[in-house]
Number of protein chains: 2
Amino acid sequence: MKYSIGVDLGGTNTDLGLVTENGNIVQRRNMATNAYTDFALYIRDFMREVDLMLADQQAIDGQAVQLEGIGVGAPNGNFYTGCVDNAPNLTMKGVLDFAKEIHRYRDTPVVLSNDANAAAYGEYIYGGAKGMRHFIMFTLGTGVGSGIVVDGRLVHGSTGAAGELGHAILYQHGRKCTCGREGCLETYTSARGIVQTYCELKGIPVSPEVTSKLIGELAHQGDPIALKTWETVGDQLGLAMANAVTFSAPEAIFLMGGPAQVGEPLLKPLREAFDRYLLNIFAGSCQIRMSELKANEVAILGAAALLKMK
Amino acid sequence: MKYSIGVDLGGTNTDLGLVTENGNIVQRRNMATNAYTDFALYIRDFMREVDLMLADQQAIDGQAVQLEGIGVGAPNGNFYTGCVDNAPNLTMKGVLDFAKEIHRYRDTPVVLSNDANAAAYGEYIYGGAKGMRHFIMFTLGTGVGSGIVVDGRLVHGSTGAAGELGHAILYQHGRKCTCGREGCLETYTSARGIVQTYCELKGIPVSPEVTSKLIGELAHQGDPIALKTWETVGDQLGLAMANAVTFSAPEAIFLMGGPAQVGEPLLKPLREAFDRYLLNIFAGSCQIRMSELKANEVAILGAAALLKMK
């Protein structure tokens, strides 16, 4: 049987999954990323986890296991170099050459990209974007990420870092962003941005008790300020999505991540705003859809999907 | 010898050019587009012009002429269908099937795209973007057009109409656009948008005497309001270009068209704004450059270049 390994490299945990040809995760393991400062040591332990999964699977299948490769979704993961470049949220510093280090242990394809690109590719290979030639994935979370597929290929651009629509500037001279600039989409439609909007509308200071999840629950209870918050976020995201359509005219824009789970309180104003802001020649040509992958599987499936890239 | 024919289809004139393999226009002809309401008649006369150019060239060369194909750059030109779809500025109405109609006369490849896409591809095949895998062309004129190359391929999107960055919304609730929406980049950085900004800054009504060319001349004479106008336009265009970089991380963004000819009064504030608005991970990765094709050749060369598409 043929398997690939998908890896979700986060600042706290590294999640590994053994994935079948048709996108079932049959085994999972994880290790504490933040326990490591030495990358060589990290990869030694990482490859032990890989070997254990493969050995276990061989025992389960009762036949040889064929490894298609290792796909890694990581913050600042660079597709062209196979390296993680100076990711600020990792305890391992500098440029981490995954491909090179893994090849000291095993001769298998290693493909790396950032997490939002991986999510987009997961949707393409295993989810709702199967067969689409042009689509965009927006991931809402701590930040706002995006992955873009044009002509059936993930857009990496000249640097490997293309698809950063969370840092397209929505409002010139808008909210201060962690990137040092002002008005990025992320400052409005990330979990933090949503909380800020709610607190501004309510006239209260931002505090850890107010989360985007809570604002979602309040909206479902009919709280007017929570509803107004999602309406505002929907309007902002709808504008950003309509602008993205002028670039690549996708068949669909997918949405995933915690804040998107709120459902209709966001989706209804989002779709209305999108239609309102969409250039008339694109009317009806692009759907807004929720990711069809499970929230706890998308990172691993997306990373594994990177190995299917032509 | 091998030649292609590049066609610039405008509402008033149709310009045809016979183009050599390395991008020299060796013959030109033109016909009055607006003299026709019957498309079949138009194509009959169009093909006469084509035949005349080929016959003349055969006499000049003293040997058989090989035609690589006919490339057409046209408003609303659809790459996928080979048709011009309901172009508002043409006297010939409805869907004009160039490929089908031309093939009644001659069995040769026919490729069609909109004018900005053709300009981008012309830059790629014959101009400053040779060998680049990722770049964007902005055309400033009556409107603002764009053509986008990703991974060496022109982005047409799912509908064929991708690359409409002139209609990305720069300012929500901004200036009214001819497309019926508000705040499109085009309302600020087209010739008309530039005139409007100048007149607003000067506190005078918009009139036919004020043109972007005049505002360019005034800027070169040191007129402070004209200089402020170009500074404003540079800021707006720089923001739009920085946003475009978050999409496809191009190696370069090219600029062409009448208003861009003003030079430094626009280019200096444009480059400064671009650097200021660019996400730090892209710093230094993307140049802003002027088109290297001649203004009176780009439309024909771009149309001919479409035939080189893989």
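Of all residues in region A:162-220, which are small (Gly, Ala, Ser), over 21 Å from residue A:264 (Cβ atoms) and crowded, with 24+ Cβ neighbours inside 10 Å? Correct list: A:162, A:163, A:166, A:168. Can you work out which of the residues in region A:1-52 that are in a strand (DSSP E or B) and of a type in the set (Asp, Glu) is nearest to the chain's Cα centre (by Cα)? Ranking the qualifying residues of region A:1-52, first place goes to A:8.
Where helices (runs of 4 or more DSSP H) fall wholly inside region B:164-260, no range has 2 or more residues that are under 29 Å from residue B:154 (Cα atoms) and acidic (Asp, Glu). When region B:53-94 is filtered for residues that are closer than 18 Å to residue A:282 by Cα and assigned to a helix (DSSP H, G or I), nothing remains.
None of B:288, B:281, B:253 is touching a residue at least 40 places away in the same chain (Cβ under 8 Å), of a type in the set (Val, Ile, Thr) and within 12 Å of chain A (Cβ to nearest Cβ) except B:253.
Every condition in (1) surrounded by fewer than 21 Cβ atoms within 10 Å (Cβ to Cβ); (2) over 20 Å from residue B:186 (Cβ atoms); (3) touching a residue at least 12 places away in the same chain (Cβ under 8 Å); (4) not aliphatic (A, V, I, L, M) is met by residue B:75 except one, and the failing one is (2).
For region A:257-298, a residue qualifies if it is over 23 Å from residue A:215 (Cβ atoms) and of a type in the set (Ser, Thr, Tyr), and the qualifying residues are A:277, A:285. In summary, residue B:111 fulfils each of the numbered conditions (1) within 14 Å of another protein chain (Cβ to nearest Cβ); (2) crowded, with 19+ Cβ neighbours inside 10 Å; (3) outside any helix (DSSP H, G or I) with the single exception of condition (1). Looking at region B:118-160 only, could you name the residues that are more than 28 Å from residue A:80 (Cα to Cα), surrounded by fewer than 24 Cβ atoms within 10 Å (Cβ to Cβ) and within 14 Å of another protein chain (Cβ to nearest Cβ)? Passing the criteria: B:159, B:160.
One residue is enough: does region B:38-52 have a residue meeting the conditions within 19 Å of residue B:306 (Cα to Cα), of a type in the set (Gly, Ala, Ser), out of contact with any Phe, Trp or Tyr (no Cβ under 7 Å at 6 or more places or on another chain) and assigned by TED's automatic domain parsing to the domain that holds residue B:107? No. Any residue in region B:289-299 that is on the phi < 0 side of the Ramachandran plot, touching a Lys or Arg at 6+ places or on another chain (Cβ under 7 Å) and not basic (Lys, Arg)? So far as region B:289-299 goes, no, none of its residues is on the phi < 0 side of the Ramachandran plot, touching a Lys or Arg at 6+ places or on another chain (Cβ under 7 Å) and not basic (Lys, Arg).
The values are calculated or read from the model by the stated rules, or taken from the named source; none is laboratory data. It should be emphasised that the depicted structure is a prediction, and the values quoted were computed from it without experimental measurement. Reconstructed Cβ throughout: ideal geometry from the backbone, glycine too, with neighbour counts over all protein chains shown.
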